[in-house]
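The values are calculated or read from the model by the stated rules, or taken from the named source; none is laboratory data. What you are looking at is a predicted structure, and each value in this text was computed from that prediction instead of being measured. Cβ atoms come from the backbone with ideal geometry, glycine included; neighbour counts cover every protein chain shown.
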């Protein structure tokens, strides 16, 4: 049973209420192809008790529910806006939200504009209205060096990440602010487990043994990220820092290729175009795996195309990270459970499915930690995805940006941020 905050309005002026919550959750539950669907499959029915009360009827115990509802699956949109905007909702969600900033416009490859929600319910500690900022303008700047230069010159106030090589100089610059905490995300690349050459687990494992992930972290990312041992991230309760899979071992890599009846393997790795640091990482990977008998051809694509090919499973390998979720379920279930929307590798293993399903059925933290460590080990050792590192998140801004609080999910929250004149 959930009690809703009274008096909240959507940006289009309509009421946020139990009917709106039901409509949004039902949309997910009735669309099995939705990436949100596997996140709340434990919900059997959504019932409106009254305007301010919603009851969720569950099929079984479902321990990740609260973590899922404070994330994407629980982002409730205006029913009126859904009806009015139709297919345009995803690119032009005018009036759809309830948050501190209202969507104004979006221009592809140029900007997104948000303005202050004058009727936002939130107040600061002194009872003052939030948010403080009048407007947010979000611009894509794929080139990390250009992004940092724009920050240094004051052309932008806040950056979504900065070049690792420049962190030391940023920390010593009084005009900039740098702070970092461990993030829930992980980085690496997908291997299509239903197509050659990676349908054979031995080939996937050989590729994993051929990579020196610590060298990538040290040389490309200047020792800032944390070496990854699987999808469970350091801030999550099930993380096991003692587990150490797949350190580079060329003899093992070559032996596994021999067992698979191969002396060498050629494949294409999709990467996001326009990012010097991604290109540098990919070139280093290409050089590393060559020593074990792999020929890696790089295929640079714009990010939407890369994601589309991952979703359609029309690829051999694809460099793409996961932004991370609060509960380990969100870093594992929809990526590695058979048939899930974001299982880009199309990996299927009954042992994996059972561990993931069992972890949803218990609320015992110790049992869940044990199950997610099994999941983590299977994901790492069967290699549908080769994990390289867990990133950091934080504040990368001019010193004029005040009161920003970083959160491990790396979603930036500006509700009580202000900019010094």
* Asked: Taking residue 66, is it crowded, with 19+ Cβ neighbours inside 10 Å, without any contact (Cβ under 8 Å) to a residue 60 or more places away in the chain and either touching a helix residue (DSSP H, G or I) at 6+ places or on another chain (Cβ under 6 Å) or not assigned by TED's automatic domain parsing to the domain that holds residue 324 (or both)?
  -> no
* Asked: Out of curiosity, is residue 269 assigned to a strand (DSSP E or B), in contact with a helix residue (DSSP H, G or I) (Cβ under 8 Å, 6 or more places away or on another chain) and crowded, with 21+ Cβ neighbours inside 10 Å?
  -> yes
* Can residue 359 be described as in contact with a helix residue (DSSP H, G or I) (Cβ under 8 Å, 6 or more places away or on another chain) and either crowded, with 20+ Cβ neighbours inside 10 Å or closer than 17 Å to residue 67 by Cβ (or both)? -> yes
* Identify, please: which residue in the stretch 49-64 is more than 21 Å from the chain's Cα centre (by Cα) and not in a strand (DSSP E or B) and is, among those, nearest to residue 330 (Cα to Cα)? -> 62
* Inspect all residues belonging to the stretch 236-253 and state whether any of them is touching a residue at least 40 places away in the same chain (Cβ under 8 Å), in a strand (DSSP E or B) and either surrounded by fewer than 20 Cβ atoms within 10 Å (Cβ to Cβ) or outside the structural domain of residue 314 (by TED's automatic domain parsing) (or both). => no
* **Selection from the stretch 203-230 of residues that are assigned to a helix (DSSP H, G or I) and either surrounded by fewer than 16 Cβ atoms within 10 Å (Cβ to Cβ) or not assigned by TED's automatic domain parsing to the domain that holds residue 252 (or both)** => 214, 215, 218, 219
* To do: Take residue 74 and decide whether it is within 24 Å of residue 417 (Cα to Cα), buried (at least 16 other Cβ atoms within 10 Å of the Cβ), without any contact (Cβ under 8 Å) to a residue 40 or more places away in the chain and in contact with a helix residue (DSSP H, G or I) (Cβ under 8 Å, 6 or more places away or on another chain).
  => yes
* To do: State the number of residues belonging to the stretch 334-351 that are within 23 Å of residue 206 (Cβ to Cβ) and crowded, with 21+ Cβ neighbours inside 10 Å.
  => 6
* Asked: Restricting attention to the stretch 22-43, which residues are in a helix (DSSP H, G or I), modelled with pLDDT of 95 or more and under 24 Å from the mean Cα position of the chain (by Cα)?
  -> 24, 25, 26, 27, 28, 29
* Asked: Taking the condition in the same structural domain as residue 345 (by TED's automatic domain parsing) and crowded, with 22+ Cβ neighbours inside 10 Å, does residue 151 pass?
  -> no
* Of all residues in the stretch 123-132 being in contact with a strand residue (DSSP E or B) (Cβ under 8 Å, 6 or more places away or on another chain) and assigned to a loop (DSSP other than H, G, I, E, B), which is nearest to residue 7 (Cα to Cα)? -> 130
* To do: Being assigned to a loop (DSSP other than H, G, I, E, B) and touching a strand residue (DSSP E or B) at 6+ places or on another chain (Cβ under 8 Å) is the filter; apply it to the stretch 157-183 and report the residue that is surrounded by the most Cβ atoms within 10 Å (Cβ to Cβ).
  => 183
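This table checks each residue for (1) part of a strand (DSSP E or B); (2) over 18 Å from residue 7 (Cα atoms); (3) modelled with pLDDT of 95 or more.
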position: 47; (1), (2), (3): yes, yes, yes
position: 66; (1), (2), (3): no, yes, yes
position: 82; (1), (2), (3): no, yes, yes
position: 96; (1), (2), (3): no, no, yes
position: 99; (1), (2), (3): no, no, yes
position: 103; (1), (2), (3): yes, yes, yes
position: 147; (1), (2), (3): no, yes, no
* Note down all Cβ pairs under 6 Å where the first residue falls in the stretch 287-313 and is under 21 Å from residue 33 (Cβ atoms) and not assigned by TED's automatic domain parsing to the domain that holds residue 255, the second is part of a strand (DSSP E or B) and at pLDDT below 95, and they're at least six residues apart or on different chains. => none
